[in-house]
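Asker: This structure is in structure tokens; I'll ask about it shortly.
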Amino acid sequence: MRSQNRHLKPAAALSVLALGAALTACGGAAADPNAKEVTVYSADGLKGEKGDGFYDKVFKDFQRKTGIKVNYVEAGSGAAVQRLAREKMNTQADVVVTLPPFIQQADGKGLLQKYEPKGYDQVAAADRDPDGKWTSVVNNYFCFIYNKKQLKEPPKSWHDLLDATYRNRLQYSTPGVAGDGTAVVIKAMHDLGGTDPAMDYFKKLQANNVGPSSSTGQLAPKTAKGELLVANGDVQMNFATMKSMPDQGIFFPAAEKGGKPSTFALPYAAGLVKNAPHTENGKKFLDHLLSPEVQREISAVGGGFAARKDVKATDENARKLADLMKGVEIFEPDWQDIDKNLDTYLDAWKTATGS
């Protein structure tokens with residue numbers, strides 16, 4: 001769902017620096033609406049470290065098909081929305097891709113404009129905005145990861161994570177900055193029975209927690225190396241990195257001992273930015289993301305799940321992902337409530353953890 005401030009990776013940082021230099025050079029002048037380019041602000045997880053990720057192929061194919069170059073800027077879901085808000089009077093991005101609840105937050109801040117990409121009607125109603133402001137483009141699920149070499153089996157429940165085994169060997173990304181970090185709070189509130197019991201739990205968990213991490217993506221290498229035993233993540237990102245990090249395993253904690261493992265959908269959702277400098281190019285890019293040919297590649301290339309209901313992947317990764325999700329209960333968060341009360345929940349988490 002990708003790290004959110006999944007801080008900028010080196011390649012992404014270069015993109016940002018280059019983009020920033022271009023903006024400075026032109027003194028903040030309006031972009032040429034006819035330029036053959038599109039700027040995408042996105043949460044990470046979809047671009048490969050070695051140029052072999054889902055985005056890498058999508059960007060290359062899109063440019064070959066349309067002649068439009070993609071300027072890619074990677075940040076955390078929360079950080080991407082904050083940046084869009086800061087730039088509201090001088091919009092730089094054309095498309096934004098974030099995890100919930102930050103795509104809803106972007107809409108609530110008036111940062112998105114209506115556009116229903118081709119294939120929008122094939123996305124499940126729960127995974128798209130009824131007013132057409134955003135739609136999921138890659139389906140995904142929240143998860144935790146563990147080191148398979150040092151642990152014979154993963155923790156089964158939230159309670160297990162409080163064990164002294166994980167003292168200074170457990171870390172989760174920062175809620176409010178990282179989309180996956182925010183997901184930790186959402187699942188805990190759901191599983192543990194509300195805000196107060198969840199915050200009591202986080203207060204206890206601090207004894208094991210290494211500390212804040214603005215990047216979920218940075219936690220996978222630490223876990224694979226054994227520096228951490230447990231961290232948070234999302235299925236797409238962690239499954240996609242298993243080839244290079246084979247000691248990383250995925251698990252879903254149950255609400256209580258003996259309970260059933262559970263998770264919730266945490267899709268990459270995309271929207272057209274309001275007053276985008278290259279609106280038409282942004283529309284073409286969203287059409288491309290949701291096209292059947294791209295959707296069929298999500299599992300094979302990106303390790304995620306197609307957003308379109310009419311696309312059924314049959315590749316090896318798709319089969320492995322289906323096996324991974326077997327027996328896992330999927331619940332649906334109340335995104336309207338979370339969007340409305342997110343600041344309250346985050347303040348409660350900060351108070352509980354002393355962050």
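The values are calculated or read from the model by the stated rules, or taken from the named source; none is laboratory data. Source: prediction; values computed, not measured. For neighbour counting, all protein chains shown are included, and Cβ atoms are generated from backbone atoms with ideal geometry for every residue, glycine included.
Residue by residue, here is whether (1) assigned by TED's automatic domain parsing to the domain that holds PHE239; (2) of a type outside the set (A, V, I, L, M, F, W, C); (3) touching a residue at least 24 places away in the same chain (Cβ under 8 Å) holds:
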| site | (1), (2), (3) |
| --- | --- |
| PRO292 | no, yes, yes |
| ILE298 | no, no, yes |
| ASP310 | no, yes, yes |
| ALA313 | no, no, no |
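Asker: Also: For the stretch 85-110, how many residues meet the condition of being surrounded by fewer than 23 Cβ atoms within 10 Å (Cβ to Cβ) and of a type in the set (A, V, I, L, M)?
Answerer: Counting residues in the stretch 85-110 that are surrounded by fewer than 23 Cβ atoms within 10 Å (Cβ to Cβ) and of a type in the set (A, V, I, L, M) gives 2.
Asker: Take THR182 and decide whether it is assigned to a helix (DSSP H, G or I) and touching a helix residue (DSSP H, G or I) at 6+ places or on another chain (Cβ under 9 Å).
Answerer: Against the criterion (assigned to a helix (DSSP H, G or I) and touching a helix residue (DSSP H, G or I) at 6+ places or on another chain (Cβ under 9 Å)), THR182 qualifies.
Asker: Being touching a helix residue (DSSP H, G or I) at 6+ places or on another chain (Cβ under 6 Å) and modelled with pLDDT of 95 or more is the requirement here; does ALA313 meet it?
Answerer: It is false that ALA313 is touching a helix residue (DSSP H, G or I) at 6+ places or on another chain (Cβ under 6 Å) and modelled with pLDDT of 95 or more.
Asker: Going residue by residue through the stretch 148-158, is there one that turns out to be touching a Ser or Thr at 6+ places or on another chain (Cβ under 9 Å), under 16 Å from THR98 (Cα atoms) and in the same structural domain as ASN208 (by TED's automatic domain parsing)?
Answerer: Looking for residues that are touching a Ser or Thr at 6+ places or on another chain (Cβ under 9 Å), under 16 Å from THR98 (Cα atoms) and in the same structural domain as ASN208 (by TED's automatic domain parsing), one finds none in the stretch 148-158, hence no.
Asker: Still on this structure, please answer the following. Taking only the stretch 35-59 into account, find how many residues are surrounded by 20 or more Cβ atoms within 10 Å (Cβ to Cβ) and not in a loop (DSSP other than H, G, I, E, B).
Answerer: 9
Asker: Test ARG128 against the stated conditions and say whether it is basic (Lys, Arg), within 19 Å of PHE331 (Cα to Cα) and modelled with pLDDT of 95 or more.
Answerer: Judged against the criteria, ARG128 is a match.
Asker: Here is a follow-up. Is there any pair linking a residue in the stretch 99-116 that is more than 12 Å from LYS274 (Cβ to Cβ) and outside the structural domain of GLY179 (by TED's automatic domain parsing) to one that is in a loop (DSSP other than H, G, I, E, B) and of a type in the set (A, V, I, L, M, F, W, C), with Cβ under 6 Å and at least six apart or on different chains, and which?
Answerer: Listed pairs, sorted by first residue: LEU99/MET1; LEU99/ALA43; LEU99/LEU266; ILE103/TRP134.
Asker: Another one. Filter the stretch 86-144 for residues that are farther than 26 Å from LEU321 by Cβ and polar (S, T, N, Q) and give the result.
Answerer: Within the stretch 86-144, ASN90, THR91, GLN92, GLN105, GLN113 meet the criteria.
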